[in-house]
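Remarks on the structure that follows.
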Amino acid sequence: MNDNHRLSFDTVYSRSSAFGQSTPVFWRSLKIRKDNAFIKQDLRDLMKENSAESITMRRSSEDFGPRKYDQERSTFRTSIGLDGYIDDNWSYSTYFQHGRLKQDTKWYGEVVEQNLYNSLDAVIYKGNVVCADRNEAGEVVGALSGCAPINFLGNPQHSAEAIDYISTVATAEHGGTQTSFGATVTGDVYELPAGPIGTAFSFEWRRDSAYEEPGTGIRKGIIFGNSGLAYSGAINVKEYAAEIIVPLVADQAWAQEVNLELAYRYMNYSSTGSDSAYKVGLTYELNDEIRFRATVAESVRAPNIEELYGAASTQYVTRRDQCAADKIQNTDDKYKANVIKNCAAAGIPKGWMPSQEWQDSGSLEGKLGGNSKLFNEVSKDTIVGFVYTPTWLEGFDITVDYWNFEISDAIYFYNYRSMNENCYRSDSLDNPFCQYFSRDANTLEVNGYLETSMNAATEKKSGVDIESVYDFETSYGEFGFKLTATYVEKYEVNQTGNATDLLVNTGEQEHMRWRARLNTSYEYGDFRAVLVTNYRHSAVDDRNGWNIEQHDYNEIPSYTTFDLSMNYRVLENVDLRFGIQNMFDKTPPRHPLAFEDTNWYDPIGRRATVGVNIKL
């Protein structure tokens with residue numbers, strides 16, 4: 001706008017498509033009545049001999065094809081900023097931003113469960129095979145209108161009418177928006193002997209919203225294994241912050257510069273109320289080569305919209321119960337006394353077992369969703385480090401930081417198994433886990449549950465970050481090296497707060513001791529090439545529960561890949577680029593436990609990309 005004020009604007013739109021495939025629909029307990037039209041005589045005679053009114057069958061049903069999903073996603077973001085100078089001492093910066101996400105998903109190969117049961121109940125009525133219309137006594141009184149019978153006994157060809165009657169396409173729409181506004185004012189407020197006190201004051205307002213709108217079939221819960229309700233939610237946040245830098249010492253023989261850094265932030269969430277965070281830091285610059293720094297802070301993370309308001313959807317899990325006699329018998333000794341005590345306190349008699357019918361009834365149905373009772377998790381942070389920039393080696397510097405984070409009231413997701421076990425393994429029934437599953441008052445068998453997130457965990461992590469850069473020029477071009485590495489000293493998690501549940505996960509696959517990346521660059525004229533070396537240290541799958549009697553493949557080897565990218569400027573505003581990811585086609589470790597998360601390893605292999613960048 002002029003020398004003192006600058007206006008900026010940008011907007012981004014993207015659209016992507018994705019698809020995937022899973023197993024065909026399956027059932028663990030399909031009922032075939034003795035009057036089914038497709039039962040052969042030998043089976044009918046066998047049922048008659050055993051006075052069986054029906055049989056049950058398990059079936060992975062490829063009759064309707066594999067389940068596939070197609071997903072279309074679009075994102076849009078626009079922002080405008082205004083920054084500049086108020087006077088010679090004070091400056092300002094403001095921005096407004098708005099973005100949205102919209103995602104449409106379709107699942108093919110799904111079935112309407114009740115329609116399948118209708119078609120499966122095929123009988124001969126008035127000389128024709130039809131879908132049975134039965135009275136309350138189970139007697140056939142007619143044929144169901146619009147239903148086409150289907151035969152699951154053997155592998156016959158199904159009619160197009162039956163496939164159309166049973167098959168369906170499930171849909172869901174998901175999206176969200178974020179709108180934010182912020183303003184910051186910076187300036188010096190007072191002159192000390194070591195220099196001026198620098199300040200920054202800021203305000204930010206933000207609104208995040210999200211929604212999910214399943215199709216009618218999913219909302220009504222009539223589609224195989226796929227039900228859920230619509231939800232929408234929004235969080236408004238107001239944040240006020242102040243930062244102050246106080247120069248304590250300058251230009252002394254023992255210190256070139258010593259600064260005190262203070263910061264405070266007040267936050268008000270519409271979901272979890274008000275909270276605050278702070279930072280106290282000290283920097284000590286000995287000379288032009290070495291600087292030390294230390295920070296203690298308290299930071300806050302509020303639960304997100306899905307963690308708070310996600311609609312309860314249908315979930316299926318393996319049937320298990322911590323209070324079953326056989327489960328108690330095999331419980332670790334450090335929990336057994338509590339389990340016996342708590343199961344008795346819950347009214348479950350000694351030696352109790354769920355019925356065989358309950359155990360054989362396939363997956364246990366429950367819900368998965370958000371938890372509106374969540375509150376903010378808090379982290380106590382400590383960082384101590386130094387920066388070394390030697391004058392005798394131009395272009396080189398190294399930064400080393402030791403960090404320690406301790407999170408209390410950490411938000412963790414708990415599945416049915418962990419809820420059920422943690423309820424009875426705790427010191428008493430007065431714990432946060434027992435409320436998320438229920439039992440039948442007569443049989444005492446679990447008949448419902450909710451898998452959700454809770455503020456029940458603690459987490460401690462410490463380690464060292466290293467970053468080093470070395471750049472130099474030669475007559476053959478410019479060379480650059482940048483190393484970033486992290487060493488994990490400790491990673492401990494306690495998901496219940498009980499002392500017996502402390503897990504030391506240091507060195508496991510997700511928290512390996514060392515992780516590093518080395519960027520090697522070369523630039524000559526309009527040509528630039530970068531070789532990236534990615535390294536993951538060797539690890540173990542399980543440091544807590546594993547023993548040699550289970551298996552002998554706990555050790556996971558290290559993993560290193562190389563990526564090469566090249567860029568050539570053919571015109572002033574046109575760049576050609578070429579890249580090879582995983583250029584030596586390094587496969588993930590040949591290990592049965594190393595394929596659980598593709599963020600750790602590259603499951604695709606060597607691949608090349610070609611592109612052009614044009615600046616208008």
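The values are calculated or read from the model by the stated rules, or taken from the named source; none is laboratory data. This structure is a prediction, so every number in the text was calculated from the model and none was measured. Because the Cβ atoms are built from the backbone with ideal geometry, glycine has one as well, and the counts that use them run over all protein chains shown. Just the protein is used for accessible areas: all its heavy atoms, side chains included, with ligands, DNA and RNA removed. Shrake-Rupley method; radii C 1.70, N 1.55, O 1.52, S 1.80 Å.
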### Query
Using the Cβ atoms and a cut-off under 14 Å, what net charge is assigned to the surroundings of residue 4, where Lys and Arg are +1 and Asp and Glu are -1?
-3
## Note on the structure
Toy charge model, Lys and Arg Cβ at +1, Asp and Glu Cβ at -1: the chain dipole around Cα centroid in debye, rounded to 20, equals 2180
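Quick one: Cα convex hull volume of region 257-412, Å³ per residue?
Working: hull volume 36.8 nm³, N = 156.
It is 236 Å³ per residue.
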### Task
Return the inverse of the average 1/r over all pairs of distinct C-alpha atoms in region 344-457, which is the Kirkwood hydrodynamic radius, in Å to one decimal.
18.3
### Message
My understanding is that a pair violates if its Cα-Cα distance is over 22 Å; which of 102/367; 279/373; 106/220; 279/460; 380/461; 367/460 do that in this structure?
### Response
102/367; 279/373; 367/460
#### Entry: Rg in Å to one decimal, and Dmax rounded to a whole Å, for region 97-152 via C-alpha atoms
19.3, 70
## Note on the structure
The percentage of the accessible area of region 513-561 (probe 1.4 Å, all protein chains present) made up of carbon and sulfur atoms, to the nearest whole number, is 48
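Can you give me the Kirkwood hydrodynamic radius for the chain, using every pair of distinct Cα atoms, in Å to one decimal?
30.7
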### Task
Please report, to two decimal places, log10 I(q)/I(0) for region 409-535 at q = 0.09, 0.15 Å⁻¹ as given by the Debye formula with identical point scatterers on the Cα atoms and no solvent.
-0.50, -0.81
### Task
Could you please state, rounded to a whole Å, how far the C-alpha centre of region 234-280 is from the C-alpha centre of region 541-615?
39
### Query
How large is the dipole of region 436-588 about the Cα centre if only Lys and Arg carry +1 and Asp and Glu carry -1, each at its Cβ, rounded to the nearest 20 debye?
220
## Note on the structure
Loop-resident GluC sites (Glu not before Pro) in region 1-65 with no more than 12 other Cβ atoms inside 10 Å, DSSP not H/G/I/E/B, are 53
### Message
In whole percent, and with a 1.4 Å probe on the protein chains, what portion of the accessible area of region 1-107 is carbon and sulfur?
### Response
51
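Counting other Cβ atoms within 10 Å, which GluC sites (Glu not before Pro) in region 102-192 have at most 15 and lie in a DSSP loop?
Sites meeting the loop and neighbour criteria: 136, 139.
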### Query
Roughly to the nearest percent, how much of the accessible area of region 236-364 is carbon and sulfur, given a 1.4 Å probe?
50
### Task
Towards the positive end of the charge dipole of the chain, with charges on Cβ (+1 Lys, Arg; -1 Asp, Glu), say which of 317, 562, 423 has the farthest Cα.
317
### Task
Would you work out which of 232, 122, 187 lies farthest towards the positive end of the dipole of region 111-263, given +1 charges on the beta-carbon of Lys and Arg and -1 on that of Asp and Glu, about the Cα centre?
122
### Query
Over what distance in Å are the Cα centres of region 301-320 and region 141-215 separated?
13
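Hey, got the dipole for region 335-425? About the Cα centre, +1 on K and R Cβ, -1 on D and E Cβ, debye to the nearest 20? Could the numbers behind the result be given before it?
Numbers: 8 positive and 11 negative charges, 165 e Å.
Rounded to the nearest 20 debye, it is 800 debye.
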### Message
In Å², and per residue, what accessible area does the chain have when probed at 1.4 Å with the other protein chains present?
### Response
57
### Message
Please give the Cα centre distance for region 459-537 versus region 361-376, rounded to the nearest Å.
### Response
36
